[in-house]
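For reference, the structure discussed in these notes is given below.
Nothing in this text is a laboratory measurement; each read-out follows from the coordinates by a stated rule. Just so it is clear, the model here is predicted, and its values are computed rather than measured. Neighbour counts are summed over all protein chains in view; Cβ atoms, including those assigned to glycine, are modelled from backbone coordinates with ideal geometry.
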C-alpha cells in the first residue's frame with residue numbers, strides 16, 4: 001500500500017511558507033487600507049494641480065506654438081504645389097520662406113508708413129466727425145439723453161488719452177516690444193515647422209500601433225491638408241475683401257484713409273463670423289462722419305459685398321477645405337472665441353473639421369458594427 005511520506009525538511013518548508021503567508025496578511029490589509037487609497041488619491045490630485053499650474057504658466061508659449069503650426073500647415077499647400085512642378089522640398093520651402101519674408105518687408109516698408117499717416121489723420125479728424133454727428137437726428141436724441149458725443153469728444157481730445165489706453169509711454173513701449181517679440185517667435189517657428197513638417201508628421205504617426213499606422217497616417221494627412229486649405233482659403237477671402245474695399249474707398253472719395261481702412265478690413269475679415277461685419281461697420285461709420293452720402297454708399301457697398309462673399313466667394317474658396325455644416329461652424333467659432341479670443345476663433349473651424357472627420361471615419365463605423 002503506497003502512501004505519501006512527508007520528510008522533516010518538507011514539513012519545515014511548508015510551515016515556513018504558511019508563516020510567511022500569515023505574516024503578509026497584515027501587509028496586504030495595510031495596502032488596501034482606506035488611508036493608503038486616500039493618500040495616493042490626494043497625491044495624484046496635487047501632482048495634477050502642479051502640472052496644471054505649469055501648463056498655465058507657459059500657456060502663452062503654447063499658443064504661439066499652436067499658431068505657428070497652424071500657419072505652417074497653411075503654407076504647406078504652396079510648398080506641395082511647387083513640389084508637384086519638379087522643385088525639391090528644401091528649395092520649395094526656401095522659395096516660400098523668401099516669399100513670406102519679402103511680403104513682410106514690403107508691408108513694413110511700403111504700407112506701414114502710409115497706414116500710420118492715415119491713422120494719424122483719422123485721429124486728428126475724429127473730433128470733427130463727432131461734431132458733425134451732432135446734426136444727425138438720431139445721434140442728437142442720444143446725445144441729449146446720455147451726453148454721448150461730449151464724453152467721446154472729451155475722451156479723444158484730452159492729452160492723457162494714449163496713457164489711459166496703453167498704460168503710459170512705458171506700458172505702450174513694452175506692449176509693442178512684446179508684440180514684436182511674439183511675431184518674431186511665430187515667424188521663426190512657422191518656418192521651422194514648414195521645413196520639418198514631413199518629419200514631424202512621420203514621428204507623430206510612428207506613435208500609433210503598427211496595425212493601425214496606415215489608417216492613422218491617412219487621416220492625419222487629410223487633417224493637415226484640410227487645415228492648410230482652410231488657412232489658404234481664409235487668406236484669399238480676406239484679400240478679396242481688402243482689395244475690393246481699397247478700390248471702392250478710392251472711388252467713394254475716401255482715398256485719404258483708403259489704405260489704412262482696407263488693411264483693417266483685410267485683417268478683420270480673417271476672423272470668422274463677425275470680422276467682416278466689424279470692418280464694414282467701421283468703414284461705414286467713418287463714411288457717415290465724413291459725408292452722409294459717402295456713408296450711404298459705404299452701407300450699400302458692404303451689404304451687397306457681404307452677400308457676394310457669403311454666397312459666392314466663401315463657398316467656392318472653402319468647398320475643398322472644410323466640409324462641415326454651418327451650425328457647427330457657428331458653434332465652433334463661438335466656443336473658440338470664448339476660450340482663446342480671436343486666435344481661438346481662427347483655430348476653431350479647422351479643429352472642428354478634424355474632429356468631425358475622425359467621428360465620421362473612425363467613431364461612426366465602430367458604432368454601426370454589430
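Structural remarks
- Rounded to the nearest whole angstrom, the semi-axes of the ellipsoid equivalent to segment 236-370, taken from the Cα gyration tensor as √(5λ), stand at 37, 14, 11, largest first.
- Two-site FRET efficiency, residue 95 against residue 277, from Cβ-Cβ distance with R₀ of 41 Å, rounded to 0.05: 0.65
- Peptides 182-190, 196-204, 40-48 ranked from most to least packed by the mean count of surrounding Cβ atoms within 10 Å: 182-190, 196-204, 40-48.
- Per-pair calculated FRET efficiency, R0 = 45 Å: residue 304 and residue 85 via Cβ, rounded to 0.05: 0.75
- Sorted fewest first by neighbouring Cβ atoms within 10 angstrom, 309, 214 come out as 214, 309.
- Mean separation of Cα contacts under 8 Å, 6 or more apart, over the residue count of segment 238-333: relative contact order %: 20 percent
- Likely footprinting exposure, 60, 211, fewest C-beta neighbours within 10 Å first: 211, 60
- Residue order, fewest to most surrounding Cβ atoms within 10 angstrom, among 298, 240: 240, 298
- Given R0 = 30 Å, the distance between the Cβ atoms of residue 235 and residue 363 translates into a calculated FRET efficiency of 0.45.
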